[in-house]
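Below is one structure, written out as structure tokens; the observations come after it.
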Amino acid sequence: MGEQAVALARAVNYQSAGTVEFVVGKDQDFYFLEMNTRLQVEHPVTECITGLDLVEQMIRVAAGEPLTFTQEQIKREGWAIECRINAEDPFRNFLPSTGRLVRYQPPETTMAQAEPQRFGVRVDTGVYEGGEIPMFYDSMIAKLIVHGRDRGEAIAKMREALNGFVIRGVSSNIPFQAALLAHPDFATGNFNTGFIAQHYAGGFKAEDVPHDDPLFLVALAGFIRRKAREREAGISGQLRGHEVQIEHDYVAVVNQGQGRTERHALHISEYAGALGEARVQVGDKDYRIASSSRLNDVRITGTVNGLAFTAQAERGTARNPLAYRIHHGGRSVELTVLSPRAAELQALMPYKAPPDTSKFLLSPMPGLLVHLAAQVGQTVQAGERVAVIEAMKMENILTALQDVTVAEILAKPGESLSVDQPILRFA
């Protein structure tokens, strides 16, 4: 492949860094895809395994300097992987997601060009916490690169780095990246260019994200709740006889959507607040969790049963201010950790169903309404174009799923739409 790439560059008299792409089959045959007379987004992968700064080399070549090394001197060491972190919602068919980065905390960079720090984590980005992700540009907001001694180590590093990548305010494709890395066919290398169509033909859903131990997320929520109770008990000036009592037994109520819940009995013992350690039992499973992370930290680091972990945890959701949302391994769960009596009472609470929006055309993404192809009183047939929304250099055409009659227009062309904003109401 290297010889073919050089031959192509010579054929067009190219004299800088560039990219030639091939597809390689399991029989080691390779097939030409395209040539780019520039660096590609994936150039950090080459920089990791070779130790070369390709941008620096481009500048030096442009200045007329000769290369200071030969082909034979270029080493290829280890295995590198890059994930493009995009402002897209994988659970809405990867539609763009725009807005303010309320929180943006990429994982710690541990990689440097020089040995021996080359094997680690690297983040290339131009955004910052509090910045805006607008609708006018490409959806990529960062490149996350890891370099391992072999492919298995690189996959493990990438999974842990994704666990610690905090993005709030916009949706990101991190859950999808985590699902890919955890898929057994990806781990064994048994995949091809039809991988996504083969495994996610019906779209990507939350249940498509595998997890080695889903009960760990429940145990971690219990651990955090126990730590919060310890702090509450230490608040001075409490009414005599009404001091906070610290329980050992809890019930974790996991929200599964549409009024459905899953319940787990928790027992938390051997709590050592000064060390940030506790033993958490979820049913018949035992977890020894240790973490010095603070209660207001979104990114939680520590050990579980002696193994290091990185996760994300937040208190309070739009529907339930007492709930925790735990993120780990691409999986996200919403749950409430209650006393056994509070859990009994909570089970009696009626489920409040969301409003019926079946007679509305809702914007599936934030964007600009550039065209409206329907008028009040018009009958639109299934498959006909209804509206066009522009976002992140893409035009998204909304079509009718069935024959409908337009009763009311709720948005005008030229208007900036938020996600789920009503555009039309049908009769």
When you scan the stretch 130-138, do you find a residue that is outside any loop (DSSP other than H, G, I, E, B), of a type outside the set (S, T, N, Q), in contact with a Lys or Arg (Cβ under 6 Å, 6 or more places away or on another chain) and modelled with pLDDT under 95, even just one? yes
Only one residue in 66, 44, 96 is in contact with a strand residue (DSSP E or B) (Cβ under 7 Å, 6 or more places away or on another chain) and either in the same structural domain as residue 138 (by TED's automatic domain parsing) or loosely packed, with under 15 Cβ neighbours inside 10 Å (or both). Which one? 96
Residue 288 meets each of (1) under 11 Å from residue 220 (Cα atoms); (2) buried (at least 16 other Cβ atoms within 10 Å of the Cβ) with one exception, condition (2)
Selection over the stretch 274-285 where residues are surrounded by 13 or more Cβ atoms within 10 Å (Cβ to Cβ), within 20 Å of residue 233 (Cα to Cα) and not β-branched (Val, Ile, Thr) yields a count of 4
Which residues, counting only those in the stretch 276-300, are touching a strand residue (DSSP E or B) at 6+ places or on another chain (Cβ under 7 Å) and of a type in the set (A, V, I, L, M, F, W, C)? 278, 280, 282, 289, 290, 298, 300
Condition test on residue 421, is it surrounded by fewer than 14 Cβ atoms within 10 Å (Cβ to Cβ) and modelled with pLDDT of 90 or more? no
Which one of 49, 85, 81, 59 is among the hydrophobic types (A, V, I, L, M, F, W, C), under 17 Å from residue 157 (Cα atoms) and surrounded by fewer than 18 Cβ atoms within 10 Å (Cβ to Cβ)? 49
Sort out which residues of the stretch 4-47 are of a type in the set (D, E, K, R) and at pLDDT 90 or above, and write them in order of number. 10, 21, 29, 34, 42, 47
Residue under evaluation residue 246, criteria (1) in a strand (DSSP E or B); (2) within 16 Å of residue 225 (Cβ to Cβ), criterion not met: (1)
Out of all the residues in the stretch 208-216, is one or more exposed (fewer than 13 other Cβ atoms within 10 Å of the Cβ) and either over 30 Å from residue 98 (Cβ atoms) or in the same structural domain as residue 154 (by TED's automatic domain parsing) (or both)? yes
I'd like to check something: does the stretch 307-325 contain any residue that is exposed (fewer than 13 other Cβ atoms within 10 Å of the Cβ), outside any loop (DSSP other than H, G, I, E, B), among the hydrophobic types (A, V, I, L, M, F, W, C) and within 22 Å of the chain's Cα centre (by Cα)? yes
Considering only the stretch 180-196, I want to know if a residue exists there that is closer than 19 Å to residue 308 by Cβ and in a loop (DSSP other than H, G, I, E, B). no
Would you point out the residue of the stretch 25-41, among those that are of a type in the set (A, V, I, L, M) and closer than 17 Å to residue 142 by Cα, that is surrounded by the fewest Cβ atoms within 10 Å (Cβ to Cβ)? 41
Under the condition of being touching a strand residue (DSSP E or B) at 6+ places or on another chain (Cβ under 6 Å) and charged (D, E, K, R), which residue from the stretch 332-372 is nearest to residue 221 (Cα to Cα)? 334
I'd like to verify a number: residues in the stretch 1-52 that are closer than 26 Å to residue 119 by Cβ, aliphatic (A, V, I, L, M) and assigned to a loop (DSSP other than H, G, I, E, B), how many? 5
If a residue has to be among the β-branched types (Val, Ile, Thr) and modelled with pLDDT under 95 to count, how many in the stretch 142-192 make the cut? 2
Among residues of the stretch 329-384, those that are buried (at least 18 other Cβ atoms within 10 Å of the Cβ) and either part of a loop (DSSP other than H, G, I, E, B) or β-branched (Val, Ile, Thr) (or both), counted: 11
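The values are calculated or read from the model by the stated rules, or taken from the named source; none is laboratory data. None of these values were measured; they are calculated from a predicted model. Ideal geometry is used to build each Cβ from the backbone, glycine not excepted, and the neighbour counts take in all protein chains shown.
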